[in-house]
Structures are given as C-alpha cells and as structure tokens.
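*Asks:* My questions all concern the structure below.
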Amino acid sequence: MARSSSDPIPVARSERLVLGLFTAAVFLSALLLFGVQPMFSRMVLPQLGGSPSVWSVAMVFFQSMLLAGYAYSHFLMGTQNRRLAVAVHLALLTGALITLPLSIADWGAPPESGTAFWLLGLFTVSIGLPFFALAANNPLLQTWFVRTGHREAHDPYFLYAASNIGSFLALLSYPLLLEPAFTLHTQGWLWSGGFALLVALIAACGTVMLRSGMDAVFEQVQFAGAKPAWLLIGRWVFLSTVPSGLLVAVTAHISTELTSAPLLWVMPLSLYLLTWVLVFQRRPALSHGLVLSLQPSRRDRRIALPRPPRANGAKPDRAPACILHHCHGLSWRARAHAPVPAYLSSFYVSLSFGGMLGGLFAGLLAPYIFSWIAEYPILAALAVLCRPWTPRQRNDIWFWVAALGAGALVVFAFLPVNGTGATVRQLDMAVLSLAALSVLFMRGARKSAVIVVLALIVAHTQHTDQTSIRSFFGVNVVFDTYDKRFRILQHGSTIHGAEELVDGKPVPGRPKPLTYYHDGGPITKAIEAVRARKAGPLRVAVIGLGAGALACRIVPNETWQFFEIDPTVIDIARDPKYFTFVSTCAPGLPVVLGDARLTMAAEPAGFYDVIVVDAYSSDAVPVHLATREAMAIYKSRLAPHGVVVMHISNRHLELESVATGIAAANGMQTWLWNDPKFGTNIAELTSPSHVAVAAERAEDVGTIAASERWTLTAPDPDQRVWTDDYPNIAGAFWRKLRQGRAYRQAH
C-alpha cells in the first residue's frame, strides 16, 4: 500500500537528516578549531626556545579571535537578508580555504623585548583568517538550526555540547594519535582537507535553512523571553573570566615544571572543556549541588584554597584538583542563566569576552605587571567569590577569631628572629594556619576571600634578601639561603646556579662553581678530558648561561661562546651584585642572545671542540634542542674529533635514551655518566648530574672511553628517535616512572 502524503515517517526522517547535518557541521568545526591550536603552537614553539609562554600567548590569541568570530556572527545574525548572510559567511570560508595549507608566515626574528606582542602578530598573519572563520561557526550554525523550524529549535544548546565534544576529542587525539603518527607537514594537509569538507557541510546547512521558510516560527520562538539585563551579561563575563584565567595560569605552571609540549597543553584545556560538555546537555550529567559538594567545602558553604607559589625560591605547590569542580560549577551557573535563542549570540559573545579577559590577564598582562606568579592566587581568590553566597549564618564570631588570628600571624611572621627576619618555616606555618582557619570556620565566600588575601600578604611581602625578575621565559629568583652561606639562582623549582658567600658577600677571589658544575662533576670531567686530549686551546660553545658558573672553567687562550635566549638571565649573570662568576672569571664573555637552534646554525661549521647543551626552563626540556635535527646542527659545528656534552638531569623525564638515540642517528657514540650519589650535598651545595657525551670515535673523548665512571651505551632499537616532528614526551615520562619504581624496589 502506498504511503499517504500525511504520513509522518518521511518528516521524521527529514528531521533526523537535518539534525545530523547540523550536528556534523558543528562537531567538525570544533574539531578543526581546537585541533589547530596545539598543532600550530607546536610549529611556532622552536622559534622561541620552547618557552611555556608560547602556549599562554597562543591562548590569548585564540580567545581573542574567538571573541572576534562571535562578534562577527552576532552582527551577521542581525541582518534581515538571510541569503546575504549565508553568502557572506561562505565567502569568508572560501577565502580562508585559499590561504591553506597551514604554514608559518615570514614575520622576522623575535625581538629582544615585546616578544609576546610579536608572537600575537605571527599568529594573526599565519592563521588569523581561517581561525576567525571557524570561530564564527558555532553560534551561526545554532541560529541557522533554530531557523529551520526543527522540533528541537527551541533549545539549540545541545549543539554547544556537540561542539565541546568535538573540541574535547580534537585536544585528546592530537598528542595521542596525530602528533606521534604524522609529521607536521602531513598534519597541516589533513587539517586543510577537513576544512574543505567543513565548507561543504556549512553550505549544505545554509541551503537547508534558506529552504525552510520558517522566519515566522523563528520570530515566535526566539523572542519568547526577556532580553538579558546588563547585570546578567556582566555575570556571564565574570563567570567565564575566572576559569579561563586559571586555565592559562595552571597550564603555564605545568609546562614550566615538565616541558612545553601539546600533551601538557591539552590536558588542562580538555578538562576545562569537559565541564562545558557536562553542563550543556539537556540533562547535565553532574548536578551543580553535587559538584559543589566535591569541592573542599562542607554543605556548600566553605572553601579552602591551596598555598600560592612562593616568591622566596621554595618549591611551589602543584595545581589544585578542585579547578575542574570550580570550572564545572561556574559553567553550570552560566548555563542556568542562558538566554532564549534571540539572544544566543549575546550569550556567546559574553562568554568569549570573559574568556579573552582571563587569558589576557594571565597570559599577557600578569608577566608585565608582577615579578612573581601572582595571577594564579589572585584568580583562585576570585574563584572563591564565584561560589554561591548563602544566607547569613551565626558564624560572625568565628570570622573575627579568624581575622584576629590572621593579623597575629602576620605580625609574628615579620618579627625579627635573631636579626634574620621571617623564616621559610614561619611563613609556611602562617599560610597553612590561615588556610586551615578558612576551611574550619569560614562559611561565606566574601569572608573566605578575606582570609585568602591575608595569606597572600604573608606569603609574598616578606623581608628576605631576594630579587624576582620576570620575563617572557619565566620568573628568575635570586636569593640568599637563610644561613647566608649561598646565593642561588632559581627558575621555577630548579636551581640554575649558586655561589658561595661569606657574611652574606661573595667569597673574595675566583668563585668556585657549585651545584651541577662542581669540581669532579661530569660536566667538568668531560671538558677536562677533551682539554687533555687536544694539544691546543679549546673552542667551546655553551647553550644556556644560568648564573655563569661555567665561565670559571675557562683557561687562558681558550675561546668560549655562550648562547642564551632570556635577556634577564644575561643581565643577572653579568651583574656582580648577583653573581661574580662572569665579572671575575670572564669580564668580556661573549653571549649570543636568541634561540640556540637558530643562533647556533649561524655559527661557522667545524669550529668548536666542545658544545655543552645545558638549556632548561625550570625542569622543562626545550624539546627542539634534543632532537635528531638539533644534534645534526651540533655535529656540523664541531671541529674534527669534537664532542657534544648534554646535561640531561631531569626529575620527570628519562632522557638518557633520548640523547643516545639522537646521537646514533647522526653516526655518533654516547657515553653516560654513572653517578653513585643520590640527592644534593646541602653542606657543599653540589648536585648529582646525568650527563651524556657524544662523539664519533672513542679516541675523541680521551680518558672518558676508559673510565669506569662512564659507560658506552647503545641506542634502544625499539625506541623511536626524537625528531622535530616526533618528540615522545609521554614515553619519556613513563620511562622515568618505571626507573623510580625500580629504584624503590631495589632499595
């Protein structure tokens, strides 16, 4: 029997097709939008020495372009001519398609100052147009979907969840699947192919919307609600600013301590997006009340914040686990106040504007405003204020107890103790006590924030002999130990040099290198072995200046050249009020400013007898300095019988096999130092080191080849060599974990 024209089955099938088409377009658009972020940042990273700030500035660019895309879609949706709106957007997409495949524009070399703004310009001219076009798709497609008259048109926010799922999958698949499997060149072509497919899908969505003829229904649906007030818009902006800023601050901290790489960039961002996926469903998987109960609070009334990173050189705390709960709760509150479809674009513009403000503060403004990592504790305190305020409780007495206790602790922390002022232990106790008082007694968000602010005062306004200098490449802290025996240069949680003091002043005469550069250490042994083997004076290149301790390993008539990317490090090493290694041992020491991959490539071929690679940002490894291509540059700059000395000490990554692999890939052998010591000698401030020496022949390394302290090591045939297109950070991390487990079992 023939089906009648009124049979609902074809209509249902048609609605499913429309729903599938729009969902696929939104999903693919988000996949491309978030897939290009780690991909292109990875392309740019080597030009700026692998600095963690590259991703922070990239986030500022992406969030700013997202806002621009949302503003453009808001304007486009205001036009009455639907055909013109579709034609304009398709023209924009086509223009962006013509600029592909992805590549880094010729933007000149990074400047000595204003690096962040230079980087923003590079992103803009390289991928600004395609990213802008992608950023506009989500709100446009949702509005077009409403105009199709689909039965789900009254609540298009599930498409936002589809968008976030695409974003989430893009972020996870890039470091785990795409980056290990394909070169950057291939990744760029795959992304460009996906962009072409997206243009076709959006053209189909526009055609469906134009043929629906549902303007009257759209007008009825979209205006079935009140226009959002400015106070509500301000709430949207604030609730998106705080988690966005926290995201940038926490990611920068993780990248500084481990390494700046897509895997570590996308993990916090994926968790952040997951919170939006969870709440922008028709039925959120986790209720707001449940999430609040998971925070370190009780009955949705108390909040405790972790200690902020300290500026006195002590190791900072890890990022708190409650950030996910904070972001979920904030996004839930934003979702609860989402507008009717007529004001959909206003909602997204507000959220993106807040996201941009958070990124601007944490990624661009804070490094210029503060000399320490102040943005994270400030944003954490603001997160307290974002929690729902409860009716007044009978806890005023406890508030005043906590406030008076905080004041007493502040006074106590500043009292001189034997003339030395506050100690690290006293400051720690003050901060911990304030946090405990907040946990136990504070029930109002505003009151908790007061306690947090007092804790920050205790932690960061102390009478200690220290200097914090912040640049695009991080925070360098110079401070004296509390017994006034040593002066230390620290970046993040890692010491990058130390000098012995007497009565708080440098020891007269030639300073003695300490930490990794001490007498009898592997770096010193390697240089001495080549010096003994060669008849004439050495020509040495050192990548990474630090406090300048290796300057005191120079002997007369030798030629040494240092390479350093951070100008603040150069200023610290040369200034005798901080360290005297350079001013005493090599006053005219030449230092080449810039990324070592680029500056070393400009050096004459076959010139150096020794190249020392000792470039770290905190404990993070600049990956582009530890690849097969990087070793090829080092080797080409070596004189006959020259050697490469790589300092590979690292708490988080196993780099011995990495160094061995990249050396073997360039026809070189590797000797690894066997250090029986464990831990730092506090009395002498010497540190054990992991060092690899690479050379073509055994006779090139002199006494190292016959020494029991050095082991000739073959590369692992089952381990893929690190290249510019393939740095396996995850593999190095897991190998380090296995090493630690094996050591604990053996001891």
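*Asks:* What shape does the range 558-609 have by the C-alpha gyration tensor, where a ≥ b ≥ c are the square roots of the eigenvalues, rounded means a/c under 1.5, and otherwise prolate means a/b greater than b/c and oblate the rest?
*Replies:* Working: a/c = 4.07, a/b = 1.56, b/c = 2.61.
It is oblate, given that a/c is not under 1.5 and a/b is not larger than b/c.
*Asks:* May I pose another question? For the range 470-549, which whole-number percentage of the solvent-accessible area (1.4 Å probe, protein heavy atoms only) is attributable to carbon and sulfur atoms? Don't skip to the end; give the middle numbers.
*Replies:* Values: 1540 of 2880 Å².
Carbon and sulfur together cover 54 percent of it.
*Asks:* Compute the FRET efficiency between Leu712 and Arg83 as 1/(1 + (r/R0)^6), taking r as their Cβ-Cβ distance and R0 = 60 Å, and round to the nearest 0.05. Please report the intermediate quantities before stating the final value.
*Replies:* Details: r = 73 Å, r/R0 = 1.22.
After rounding to 0.05, the efficiency reads 0.25.
*Asks:* Can I ask one more? With the Cα gyration tensor of the range 39-184 in hand, give its eigenvalues times 5 under a square root as the equivalent ellipsoid semi-axes, listed largest first in whole angstrom. Walk me through the intermediate numbers first.
*Replies:* Details: eigenvalues 205, 70, 37 Å².
Working through the eigenvalues yields semi-axes of 32, 19, 14 Å.
*Asks:* Let me ask something additional. Which residues' amide hydrogens lie under 5 Å from the amide hydrogen of Val542, considering only partners 5 or more residues apart or on another chain, with H built in the peptide plane?
*Replies:* Long-range HN contacts for Val542: Gln561, Phe562, Phe563, Val612.
*Asks:* Using per-residue counts of other Cβ atoms within 10 Å, averaged over each peptide, order 662-675, 473-486 from highest down. Each step should come with its number before you reach the end.
*Replies:* Values: 662-675: 20.4, 473-486: 18.8.
The packing order, highest mean first, is 662-675, 473-486.
*Asks:* Moving on to the next point. Heavy atoms only, probe 1.4 Å: what % of the accessible area of the range 19-78 goes to carbon and sulfur, would you let me know?
*Replies:* Details: 1090 of 1380 Å².
With neighbouring chains kept in place, the figure for the range 19-78 is 79 percent.
*Asks:* Going highest first, how would you order 706-715, 127-136 by mean Cβ packing within 10 Å? Write out the running numbers ahead of the final one.
*Replies:* Numbers: 706-715: 13.8, 127-136: 23.8.
Put in order of decreasing packing, that is 127-136, 706-715.
*Asks:* For the range 464-594, report the accessible area per residue in Å² (1.4 Å probe, heavy atoms, rounded to an integer).
*Replies:* Result: 38 Å² per residue.
*Asks:* Taking N as the number of residues in the range 533-647, what is its Cα Rg relative to 2.2 N^0.38 Å?
*Replies:* Values: Rg = 13.8 Å, N = 115, 2.2 N^0.38 = 13.4 Å.
Scaled against compact globular proteins, the figure is 1.03.
*Asks:* What does the charge add up to near His185, with Lys and Arg as +1, Asp and Glu as -1, over the other residues with Cβ less than 11 Å from its Cβ?
*Replies:* Details: positive: none; negative: Asp724, Asp725.
After counting each charged neighbour, the total is -2.
*Asks:* So between Leu190 and Leu177, what do we pick up on full extension, going 0.36 nm a residue minus the alpha carbon distance?
*Replies:* Working: separation 13, 0.36 × 13 = 4.68 nm, distance 1.31 nm.
The span from Leu190 to Leu177 would gain 3.4 nm if fully extended.
*Asks:* How many angstrom lie between the Cα centre of the range 533-581 and the Cα centre of the range 77-95?
*Replies:* A separation of 59 Å, based on Cα centres.
*Asks:* Right, here's the next one. Within 14 Å, Cβ to Cβ, of Tyr368, how many net charges do the neighbouring residues add up to if Lys/Arg are +1 and Asp/Glu are -1? Can you show the working numbers first?
*Replies:* Details: positive: Arg470; negative: Glu375.
Counting the neighbours of Tyr368, the net charge comes to 0.
*Asks:* Further question on the same structure: Quick one: if you take sqrt(5λ) for each eigenvalue of the C-alpha gyration tensor of the range 491-586, what semi-axes come out, biggest first, whole angstrom?
*Replies:* On the way: eigenvalues 101, 47, 36 Å².
So the equivalent ellipsoid measures 22, 15, 13 Å along its semi-axes.
*Asks:* Another question, then. What's the carbon and sulfur percent of the range 553-699's accessible surface, probe 1.4 angstrom, rounded to a whole number? Could you put the intermediate results ahead of the total?
*Replies:* Details: 2990 of 5240 Å².
Percent of accessible area from carbon and sulfur atoms in the range 553-699: 57.
*Asks:* Across the range 530-540, in residue order, what do the Karplus-derived ³J(HN,Hα) couplings come to in whole Hz, using 6.51 cos²θ - 1.76 cosθ + 1.60 with θ = phi - 60° and x for Gly and Pro?
*Replies:* Result, ordered by residue: 6, 4, 6, 6, 8, 6, x, x, 7, 10, 10 Hz.
*Asks:* Run the quick spin-label model on Lys577 and Glu629: label points 7 Å from Cα toward the beta carbon, then report their separation in nm to one decimal.
*Replies:* Using points 7 Å along Cα→Cβ, the separation is 4.2 nm.
*Asks:* Determine the per residue accessible area of the range 641-723 with all protein chains present and a 1.4 angstrom probe, expressed in square angstrom.
*Replies:* Values: 3690 Å² over 83 residues.
Computed with neighbouring chains in place, this is 44 Å² per residue.
The values are calculated or read from the model by the stated rules, or taken from the named source; none is laboratory data. Quantities reported herein were computed from a predicted structural model and do not represent experimental measurements. Because the Cβ atoms are built from the backbone with ideal geometry, glycine has one as well, and the counts that use them run over all protein chains shown. These area figures cover heavy atoms from the full protein model, side chains too; ligands, DNA and RNA do not enter into them. Shrake-Rupley method; radii C 1.70, N 1.55, O 1.52, S 1.80 Å.
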